[in-house]
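I have a structure I would like to understand better, so I am pasting it below and will then ask my questions one at a time.
Read-outs throughout are calculated quantities, based only on the coordinates presented, and are distinct from any laboratory measurement. This structure is a prediction, so every number in the text was calculated from the model and none was measured. So basically every Cβ, Gly included, is an ideal-geometry build from the backbone, and we count neighbours across all protein chains shown.
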Amino acid sequence: MAVKGIEGIEVHHETYRLDFYITPLDYNNVGGYEPSSPSVQYVVKFDYHVNHAYFDVHSSADIGTRRRTLIDQYHEQEEKPVKFDRTELKSSDEELLSDAVLSFGIERSGEHGELHKDIMDMIMKRGCETEQHKIWIKDVEVSGLYVYVGKSHDMYRCGECKLKRRLEEAIEVVKERIRKRDVIRACDDVKEEEKGINPTNKEKDGGDPTKKEKKGRARKRRRNKYYKPARKRNIRVK
């Protein structure tokens, strides 16, 4: 079923793609993070990016190819630092970090279950290492991991699907008109039955024609120039 995109753009097809990478926390990716206490801290900074793109395609066969035409796009970003007052991670921290991954829509099971597991396995492996890269922020020793998660959300307005939907709408309009016509005819039939008139073929009832019907037929015969009345013959009986 078609859904509405930005500025009312119809969307007939959607595709998603997720990827991630993990590196040690450093001055280039720490961003504007500031320590909340003067003690040593271990920080796992999640950086979630979503790119939404809208394309025009002739048919579904053009999805993901160079035949698509970009209509519009926009970008979303969300940062989520998870911090601990120690120099490394512990196995007990896994559930809290898993909740952070889950908050980005990457579920523990189902379609994204394998990706969720891969992210968590790498975080715990890298975070539990004894040798950690250290940086200093406002005289506070900080170590940790930078976790980038990227999502590409492509939406397609399909000419073939749009035409099909218009045809279906036109067919529904015709069906509705037929239904209304049938209702009107049924109402007329009921009115005629209430007046005592057979709404079907009035000459199929097998009854004799009325005087009015006989006069009408006689008038029609007289108007016909080829009509000749039958001559009366006197039959003599011996």
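Need one number: nm distance between label points at Glu14 and Glu111, each 7 Å from Cα along Cα→Cβ, rounded to one decimal.
My value for the distance between the label points is 0.8 nm.
Taking region 1-109, which trypsin sites (Lys or Arg not before Pro) meet the DSSP loop condition and have no more than 14 other C-beta atoms within 10 Å?
Arg66, Arg67, Arg86, Lys90, Arg108
Another question, if that's okay. Estimate the FRET efficiency between Gln73 and Lys138 by the formula 1/(1 + (r/R0)^6), using the beta-carbon distance for r and 30 Å for R0, to the nearest 0.05.
In this case the efficiency is close to 0.20.
Quote the FRET efficiency, to the nearest 0.05, computed for Tyr27 versus Thr87 with a Förster distance R0 of 22 Å and r equal to the Cβ-Cβ distance.
With a Förster radius of 22 Å, E is 0.75.
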